[in-house]
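Here's the structure, in structure tokens; my notes come after.
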Amino acid sequence: MIQPQPPSPTKRRLDIDNLRSLAVLLLLVFHTARLFNIEPWHIKDPQYTAVADTIVRALNQWHMPILFLLAGMSLAYALAKRSSGQIARERLKRLLLPLAFGMLVIVPPQVYVERISPQIPNRQSPLNFDGSYWDFLPHITQCCYPAGNFSWHHLWFVAYLLFYSLLALPLVAALNRGRAEKLAAWFAEGYRPFLLGLPVVLGEWLLRPLFPSTHDLATDWANHAHYFYLVLLGWLIASHPRLEQAIHGLLRPAALVAAACTLLWLAALDRQITLPPPLPRLLRLIGEIGWLFLLLGWGALKLNQPLRWLGDFSRYSYAFYIFHQTVIILLGWWLLTWAAWWPLKFLVVMIAAGAISYALSKAADTNPLTRLALGVGPRR
């Protein structure tokens, strides 16, 4: 049985770091698939394939949720060695500055490519621009995308994480420790950890029809209820080893729930099976909880150690996240007329984007200013 330790100011949880790194690397698969799937995006390849739709759906089910859950767990460990005020200042420095830099420097090329590609169907914001990138630069602060050019695009995650971190700090500080202990102990029995997914299901069920996903912060209430709860849940899990141990002990049931619910949900979306209208959405949400528990248990079992094949990627995963989507979109645009078989094109874009994003992240580590702008921590 895996024995998780209470948050320690000295011992680092490598499974959290490594799981986060793997989730960031999977964004290469996810956003390259966005070039080829049917949903509108910033740039679309002419070779639509249903396989890309399946990849996007399957990863989207649990991919961002695990990142928010891990952020909550990291918050618990940060609170073990720093005060709330210190963490708030650190989050502002590490999240707000890269967000501003990204919106002014990294995101505009994505918007420009979309604006100069009127021949491409399914653009997310089908406005046109005629001119060079230097001509476009004075217009980048025209607010707000999709009606304008100013946007955070994929950096919505950074903005939301900053907002949730600052909101969670006073909330967890105000929680009664004894009551939190009793709550965690109650959920740690048998299959009760699965009940921790009920707020996700209820929140989505009640709010999603009223508030579709926008990533605009102001009106995105269904996503806020979903993701902020996962941040708090991550904090609760990491703060109470008995609860975390109980979740790790559900590795096999979680795998069964994740696989069964996801396969049935995808089959219903592809119309291979017919289910009553509310059931596919319920399967998706229950499957998400299964995936989250499966990943936590598998990570604690296999990833709580230095991994040579990941190397120093954990140090650069944040900068890699900031760079990767812009690189994918530029490569997709550059290779738009390449009529290669789509799996070959997919692999070329994905591998090249990974290599370029990693090289840019390493380059950012050579200067204190670029380290600050891209959230790369100081060298130890």
Looking only at region 150-160, decide whether some residue is closer than 21 Å to TRP221 by Cβ, open to solvent by 60 Å² or more (accessible area, probe 1.4 Å), touching a residue at least 12 places away in the same chain (Cβ under 8 Å) and in contact with a helix residue (DSSP H, G or I) (Cβ under 8 Å, 6 or more places away or on another chain). no
Restricting to region 257-282, and then to whatever is surrounded by fewer than 17 Cβ atoms within 10 Å (Cβ to Cβ), hydrophobic (A, V, I, L, M, F, W, C) and out of contact with any helix residue (DSSP H, G or I) (no Cβ under 6 Å at 6 or more places or on another chain), can you tell me which residue is nearest to SER361 (Cα to Cα)? ALA259
Identify all residues within region 114-141 that are among the charged types (D, E, K, R) and either within 14 Å of ILE43 (Cβ to Cβ) or outside any helix (DSSP H, G or I) (or both); write none if there are none. GLU114, ARG115, ARG123, ASP130
Helices (runs of 4 or more DSSP H) lying entirely in region 292-379 (those with 2 or more residues that are at pLDDT 95 or above and under 30 Å from GLY197 (Cα atoms)): 313-334
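Would you be able to say whether some residue in region 169-187 is of a type outside the set (Gly, Ala, Ser), in a loop (DSSP other than H, G, I, E, B), farther than 23 Å from GLN110 by Cα and open to solvent by 70 Å² or more (accessible area, probe 1.4 Å)? Before the answer, list the steps.
Taking region 169-187 as the starting set, the residues that turn out to be of a type outside the set (Gly, Ala, Ser) are 169-172, 175-177, 179, 181-183, 186-187.
Now drop any that are not in a loop (DSSP other than H, G, I, E, B), which leaves 175-176.
Add one more test, that the residue is farther than 23 Å from GLN110 by Cα, and what stays is 175-176.
So of that shortlist, the ones also open to solvent by 70 Å² or more (accessible area, probe 1.4 Å) come out as 175-176.
The answer is yes; a qualifying residue exists.
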Return yes or no: is LEU232 open to solvent by 30 Å² or more (accessible area, probe 1.4 Å) and part of a helix (DSSP H, G or I)? yes
Looking only at region 40-67, filter to residues that are under 12 Å from the mean Cα position of the chain (by Cα) and assigned to a loop (DSSP other than H, G, I, E, B); which one of those is farthest from TYR316 (Cα to Cα)? GLN61
Among residues belonging to region 283-331 that are farther than 14 Å from LEU22 by Cα and of a type in the set (D, E, K, R), point out the one that is least open to solvent (accessible area, probe 1.4 Å). GLU288
Check off (1) within 22 Å of VAL327 (Cβ to Cβ); (2) open to solvent by 40 Å² or more (accessible area, probe 1.4 Å) for ILE106 and give me the number that stays unchecked. (2)
Go through region 250-283 and give me each residue that's modelled with pLDDT of 95 or more and not in a helix (DSSP H, G or I). LEU250
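From the set of residues in region 123-143 that are open to solvent by less than 60 Å² (accessible area, probe 1.4 Å) and more than 21 Å from LEU336 (Cβ to Cβ), which is nearest to the chain's Cα centre (by Cα)? It would help to see each step written out before you state the result.
Looking only at region 123-143, we keep the residues that are open to solvent by less than 60 Å² (accessible area, probe 1.4 Å), and these are 123, 125, 129, 131-133, 136-137, 140.
If we keep only those that are more than 21 Å from LEU336 (Cβ to Cβ) as well, we get 137, 140.
Working: LEU137: 28, ILE140: 25 Å.
Checked region 123-143; the qualifying residue nearest to the chain's Cα centre (by Cα) is ILE140.
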Please state which of the following conditions ALA80 fails to meet, knowing it meets all the rest: (1) of a type in the set (Gly, Ala, Ser); (2) at pLDDT 95 or above; (3) more than 24 Å from ALA364 (Cβ to Cβ). (2)
Residue list for region 1-39, restricted to those being assigned to a loop (DSSP other than H, G, I, E, B), under 21 Å from LEU67 (Cα atoms) and modelled with pLDDT of 90 or more: ARG34
Sort out which residues of region 168-200 are within 19 Å of the chain's Cα centre (by Cα) and of a type outside the set (Gly, Ala, Ser), and write them in order of number. VAL200
Mind counting the residues in region 107-116 that are hydrophobic (A, V, I, L, M, F, W, C) and under 10 Å from HIS153 (Cα atoms)? 2
Which of the numbered conditions does VAL111 fail, given that it passes all the others? Conditions: (1) open to solvent by 30 Å² or more (accessible area, probe 1.4 Å); (2) part of a helix (DSSP H, G or I); (3) within 30 Å of ASP135 (Cβ to Cβ). (1)
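The values are calculated or read from the model by the stated rules, or taken from the named source; none is laboratory data. All figures in this text were calculated on a predicted structure; none of them were measured in a lab. Note that each Cβ is placed from the backbone with ideal geometry, even for glycine, and that neighbours are counted across all protein chains shown. Accessible surface is based on the protein model in full, side chains and every heavy atom, while ligands, DNA and RNA are left aside. Shrake-Rupley method; radii C 1.70, N 1.55, O 1.52, S 1.80 Å.
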